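The values are calculated or read from the model by the stated rules, or taken from the named source; none is laboratory data. Everything numeric here is computed off the predicted structure, so don't read it as measured data. Note that we place each Cβ from the backbone using ideal geometry, even for glycine, and neighbour counts take in every protein chain shown.
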Amino acid sequence: MTATLRQRHACLAALPVLLALPPATSFGGDNLAAYAWGAATLLPKTSTAVQAGACRGWANYTCGWSDPLGTAALDYAVQHRAFISNLSPDAAAAPDQAAMLSRLVNYLAPFAVYTGWAEPESAMVALLSRHSVVVQCGASNLSFLAGVPASRSPALPRHRVAPPALDRAAHYVVF
C-alpha cells in the first residue's frame, strides 16, 4: 500500500511495513530494470514450488484479456507466495525478456508448478520443460478449491471398467 493510503486511514497506519518498494521512477522507465530489482530483492522470498505468468495475448508488456488463462489462477499464486511476471519467453522477438523469464524460472525447484500463462505458448512450454517445471493452466478459485477436502463417499457408485487388451504387435498413437 502507498504511504498516502496509510496516512488517509488510521487503521492501516498501525500495520507494519514489511517491504518498501522503490518508486517506479527509480527504474528509469525500464521494465527489465524493475524485474532485475524484483529478481534480486523479492524472488528469494518467494516460493520455489509455484510461479505464475500473468499473460495472455502478450504484446510489449501488455496482455489482452480475451481469455482468462493468464490471470485466473493469480489467487493461487498469491496464496503460495509465488513470483508473478508478465514476460515473453520468445527469445527471437524479446531476447531480454526471455532471459529474465529464464532467470526467474531457474529459481524454481524441479517439478514446480507454473500457473497462468506466457506467450508464445510453444516458447513457454519449451522454457519450462528445460527447467523441469510443470504447466498448470489457469483456473479460477484455485486457492479456495485447494483447501476443500476431497473424499470418496461410499454412496457414490464406483464403475470399474476393464481396460482393453493391449495388442503388442500394433502401433498406438496418443494425442
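What the table below lists for this structure:
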read-out: Hey, Val135 assigned to a strand (DSSP E or B) and more than 24 Å from Ala40 (Cβ to Cβ) or not; value: yes
read-out: Every residue from the range 138-152 that is closer than 26 Å to Ala118 by Cα and among the hydrophobic types (A, V, I, L, M, F, W, C); value: Ala139, Leu142, Phe144, Leu145, Ala146
read-out: Residue count, the range 107-130 (criterion: part of a helix (DSSP H, G or I), surrounded by 20 or more Cβ atoms within 10 Å (Cβ to Cβ) and either small (Gly, Ala, Ser) or free of Cβ contacts under 8 Å to residues at least 24 places away in the same chain (or both)); value: 1
read-out: Ser85 touching a Leu at 6+ places or on another chain (Cβ under 7 Å) and at pLDDT 90 or above; value: yes
read-out: Members of the range 13-65 that are modelled with pLDDT under 85, assigned to a loop (DSSP other than H, G, I, E, B) and of a type in the set (S, T, N, Q); value: Asn60
